[in-house]
Amino acid sequence: MKQYRNYIGGAWVESAKIFDDHNPVDGSLVARVHEADKEMVDAAIRAGHGAVSGAWGKTSVADRAALMYRIADEIDRRRNDFLEAEIADTGKPYSMASTIDIPRGAANFRVFADILKTASLDSFRMDLPGGAHAINYAVRKPLGVVGVISPWNLPLLLLTWKIAPAMACGNAVVAKPSEETPGTATLLAEVMHAVGVPPGVFNLVHGFGPGSAGEFITTNPDINAITFTGESRTGTAIMRAAAEGVKPISFELGGKNAAIIFADCDMEQMLDGMMRAIFLNSGQVCLCSERVYVERAIYDRFLTALVDRVKGLKFGWPNDAETSMGPLISAEHRDKVLSYYALAKEEGAQVLVGGGVPSFGDDRDNGFWVEPTVIVGLAQDARCIKEEIFGPICHVSPFDSEAEVVALANDTRYGLAATIWTTNVNRAHRVSQAMRVGLCWVNSWFLRDLRTPFGGAGLSGIGREGGMHSMNFYSELTNVCIRVDGEPQ
Ligand code: NAD
């Protein structure tokens with residue numbers, strides 16, 4: 001049986017405490033994972049400080065960028081190992097892991113290596129009375145040791161999205177992947193080791209949140225910043241822990257995202273896009289649309305076409321080329337999603353398709369599957385309209401005017417993403433700019449240019465990452481102000 005170990009100060013570290021990593025497709029055992037205790041997490045943070053105050057703190061931009069390219073190349077070289085580990089941990093279709101998860105994992109290192117090489121900083125000249133002036137310029141320095149805590153839905157992609165810019169800025173990291181998906185993070189540690197990342201720069205600790213590695217990171221007084229992706233509720237707990245030492249935090253949290261479909265949209269393009277926006281990764285993407293608002297003129301047509309396409313989704317073995325949908329991540333998450341399927345009915349929803357658990361007649365019946373589901377008929381204040389479900393389900397409702405739908409879409413405490421479908425260019429700009437979200441797509445969804453700001457409003461997060469936004473979060477800027485006399489003294 002595979003063993004996933006911790007990687008601390010450049011060495012593999014075992015633990016007496018082991019937990020199991022399951023394959024959600026059929027519930028089978030993937031690996032045994034060594035849970036880091038408090039001493040191990042503390043040792044990882046110490047190793048990080050050793051690296052930042054040692055040679056790593058003095059590496060040139062060119063050397064750091066070259067190292068990040070080597071990491072990306074090694075991920076590419078071991079692509080099949082990464083694919084196998086990601087698919088075993090998540091059950092997601094090969095078609096998704098091979099086009100999104102693993103290539104983006106490598107791309108994150110290349111993008112931030114390139115940004116690092118061209119990143120500029122502010123410089124201001126300020127004229128003073130009497131002919132003197134002052135020159136201000138900012139200097140970029142690492143924050144120190146950054147705690148990176150990530151979720152299970154896009155394991156390698158979301159972990160590297162934070163590790164890459166943190167390392168680009170010269171920090172050391174202590175990374176904790178989700179307990180559900182320790183596989184690709186462990187391979188990433190192997191990659192770091194193989195390409196010669198200095199000991200202590202990248203540390204990996206496995207474990208859970210409260211009372212485990214997650215909490216040990218966030219409560220350690222010597223951690224210099226915390227970057228977290230996960231549930232909004234967990235964000236609250238981490239914010240409390242970070243408050244103790246006034247630590248910089250970057251939070252990418254949950255969503256309850258709206259899709260707005262106008263009658264003038266390109267119907268085929270929109271349906272293709274909406275199938276992804278609702279069902280990609282079995283609805284387990286923070287950006288997925290769980291609330292779909294459709295202009296009344298095409299409401300019935302949309303529902304018929306959507307239900308028809310949902311019936312064509314093929315859930316199955318990840319490596320089957322036909323498979324378009326996988327299971328949910330765990331038994332616990334499946335039970336949560338099914339509890340919302342039941343709640344929707346109690347709240348008065350009509351189920352147009354799905355609503356149950358598929359039956360396969362083979363080992364997959366031991367996995368964590370639910371049917372893709374479309375519901376209608378809920379009131380705007382129903383819990384299923386207000387709370388993030390994080391499964392393959394959407395609620396569809398009609399609207400009559402632009403003003404009405406803008407108000408409906410913004411009627412949420414979350415504020416992560418929106419997707420708008422229209423061929424009217426004025427409306428596209430007007431409605432997008434009115435969305436209270438961090439990300440708004442028009443005639444597209446989850447189209448990512450990694451240089452752009454990424455994050456959410458309200459319960460969906462704090463701060464923005466991406467491009468220079470990441471560089472600024474992972475850096476401490478020092479402003480140097482120099483007075484220059486106008487005449488020789
Ligand atoms: P989660 O909050 O349960 O766990 C995320 C990580 O936090 C895990 O590594 C977990 O072990 C750790 N953790 C849990 N409690 C902790 C604590 N008290 N202290 C420190 N660490 C703790 O989230 P999840 O179920 O893994 O992921 C799904 C959630 O993530 C959804 O809400 C989804 O919307 C959100 N998400 C957001 C984005 C984004 O970019 N905004 C991206 C992906 C997922």
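The values are calculated or read from the model by the stated rules, or taken from the named source; none is laboratory data. These numbers come from a predicted model, not from an experiment. Cβ atoms come from the backbone with ideal geometry, glycine included; neighbour counts cover every protein chain shown. Protein only, heavy atoms only, side chains kept; ligands, DNA and RNA dropped before computing areas. Shrake-Rupley method; radii C 1.70, N 1.55, O 1.52, S 1.80 Å.
Taking the dipole about the Cα centre of the chain, with the C-beta of Lys and Arg at +1 and of Asp and Glu at -1, give me whichever of GLY377, PRO221, PHE390 is farthest to the positive side. Going by the charge dipole, the pick is PRO221. Here the chain is assigned +1 on the Cβ of each Lys and Arg and -1 on the Cβ of each Asp and Glu. Its dipole about the Cα centre then comes out at about 1000 debye. Placing +1 on each Lys and Arg Cβ and -1 on each Asp and Glu Cβ, with no other charges, gives the stretch 1-75 a dipole about its Cα centre of roughly 300 debye.
Which distance in Å, rounded to a whole number, links the C-alpha centroids of the stretch 150-169 and the stretch 350-398? Measuring centre to centre over Cα atoms gives 29 Å. Inter-part distance, the stretch 189-238 to the stretch 298-323, computed on C-alpha centroids, equals 38 Å.
Of HIS133, HIS34, which has the most accessible area and how do the rest follow, probe 1.4 Å?
On the way: HIS133 30, HIS34 10 Å².
In descending accessible area the options line up as HIS133, HIS34.
Please compute one quarter of the surface area of the Cα convex hull for the stretch 207-267 and express it in square nanometres.
On the way: hull surface 24.9 nm².
The number I arrive at for the stretch 207-267 is 6.2 nm².
The residue list GLN433, ASN410, ASN80 was ranked by how far each Cα lies along the charge dipole of the chain toward its positive end, using unit charges on Cβ atoms, and GLN433 comes out on top. Share of carbon and sulfur in the accessible area of the chain stands at 52%, probe radius 1.4 Å. What separates the Cα centres of the stretch 39-59 and the stretch 95-121 is a distance of 24 Å.
Divide by every residue of the chain the summed helix terms, -39500 (n - 2.57) for each DSSP H run of at least 4, and state the resulting mean residue ellipticity at 222 nm, rounded to the nearest 500 deg cm²/dmol.
Numbers: 15 runs with 179 residues, N = 489.
So the helix-based figure for the chain works out to -11500 deg cm²/dmol.
Where both bridge residues fall in the chain, DSSP classifies roughly 40% of the beta bridges as antiparallel.
Test of understanding: given the chain, find the longest segment containing no GluC sites (Glu not before Pro) that are in a DSSP loop and have at most 11 other Cβ atoms within 10 Å. Mind dumping the intermediate values first?
Numbers: sites that count: GLU14, GLU244, GLU322.
For GluC sites (Glu not before Pro) (loop position, at most 11 other Cβ atoms within 10 Å), the longest site-free span of the chain is 15-243.
The P(r) of the chain has a tail past 33 Å containing 41 percent of all C-alpha pairs. Please compare each pair in LYS38/LYS117; LYS256/LYS311; LYS162/LYS314 to a cut-off of 27 Å on the Cα-Cα distance and tell me which ones are over it. The answer is LYS38/LYS117; LYS162/LYS314.
Can you work out the accessible area per residue across the stretch 257-442, with the rest of the protein chains kept in place, probe 1.4 Å, in square angstrom? Can you show the working numbers first?
Numbers: 7450 Å² over 186 residues.
Accessible surface, normalised per residue, equals 40 Å².
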